[in-house]
Amino acid sequence: MSQSLIPYTTLARQFQSAPPGKLYSLVGTDSSVFRLSLSMASQALLRGVPIAVVDGSNRFDAYMIAEAARQITAGRSGRRVTPEELLNRIYVARAFTCYQMEATITERLPAFLRRIHAPVAMVFGLLDTFYDDQAPLFEVKASVERIICALHAMKKENISLLLASKEIKVESKERNGLLPRIHAAMDQVYWLDVESSLLDVHQ
């Protein structure tokens, strides 16, 4: 597995470029990973692309979308896009348990994306609720496999998905193995370093 540092803008360009149908994971040690993801979302929203966000870590921030709109359009000529216009193109579903997360990704999200004709979706904190010891490990592992199948099914429908998550370490070695399992199913995995570059981990 080779590694190389690339700037954030490269990830944004690769994720949003043709052809569609990409599975990317972006991982960081702090909340910067969600700010970068929302910045990427803002750029797509400015082009009129609707986006669905599944939030499992309570990290969606409408203010960041509005601020990104102001910054991106500040130097542009012509009609300014208002934050409200962008927020009307983004749809957010929150998941508070691992069972809700699975149901949202495997059942609700694919149908919703088809209905609104959205080619892009983001998932914040996919595994956050799966680290809860109250959920039996065998159920958690089976759930993760079903989610991976759903992600690949959406990819076949030319939907691009970005999984943004903060790196979490728990006492359970088995649960710590969930993120590598997800990453094995991705097209590309990016680690955000302390200097806001991206460590590109080639699959």
For the chain, the charge dipole (Cβ of Lys, Arg +1; Cβ of Asp, Glu -1; about the Cα centre) points to a positive end, and the Cα of GLN43, ALA93, ALA164 closest to that extreme belongs to GLN43
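How long is the gain from GLU85 to ASP133 if the chain were fully straight, where each residue apart is worth 0.36 nm and the alpha carbon distance is subtracted? Present the calculation step by step, with values, prior to reporting the outcome.
Working: separation 48, 0.36 × 48 = 17.28 nm, distance 4.09 nm.
Extra length available between GLU85 and ASP133 comes to 13.2 nm.
Normalised by the residues of segment 16-156, what does the relative contact order come to in percent, with Cα pairs under 8 Å and at least six apart? It would help to have the intermediate numbers written out before the result.
Working: 159 pairs, mean separation 46.3, N = 141.
For segment 16-156, the relative contact order is 33 percent.
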Restricting to Cα pairs under 8 Å and 6 or more apart, the percent relative contact order of segment 102-203 works out to 29
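Evaluate the Kirkwood expression for the hydrodynamic radius of segment 21-202, namely the inverse of the mean inverse distance over all pairs of different C-alpha atoms, and round to one decimal in Å. Mind showing how you got there, number by number?
Working: mean 1/r = 0.0594 Å⁻¹.
For segment 21-202, inverting the mean 1/r across all distinct Cα pairs yields 16.8 Å.
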Would you calculate the separation in nanometres between label points at GLN100 and ARG146, each defined as 7 Å from the Cα along the Cα-to-beta-carbon direction?
-> 1.7
If you take the charge dipole of segment 21-202 about its Cα centre, with +1 on Lys and Arg Cβ and -1 on Asp and Glu Cβ, which of ALA52, ALA185, ALA103 is farthest toward its positive end?
-> ALA52
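Please give the length that would be gained between THR29 and GLN14 if that part of the chain were fully extended, namely 0.36 nm times their separation in residues minus their C-alpha to C-alpha distance (nm, one decimal).
Numbers: separation 15, 0.36 × 15 = 5.40 nm, distance 2.23 nm.
Difference between extended and current length: 3.2 nm.
Every read-out reported here was derived from the displayed coordinates using simple, explicitly stated rules and does not represent laboratory data. What you are looking at is a predicted structure, and each value in this text was computed from that prediction instead of being measured. A quick note on method: Cβ atoms are made from the backbone with ideal geometry, for glycine too, and the neighbour counts reach across all protein chains shown.
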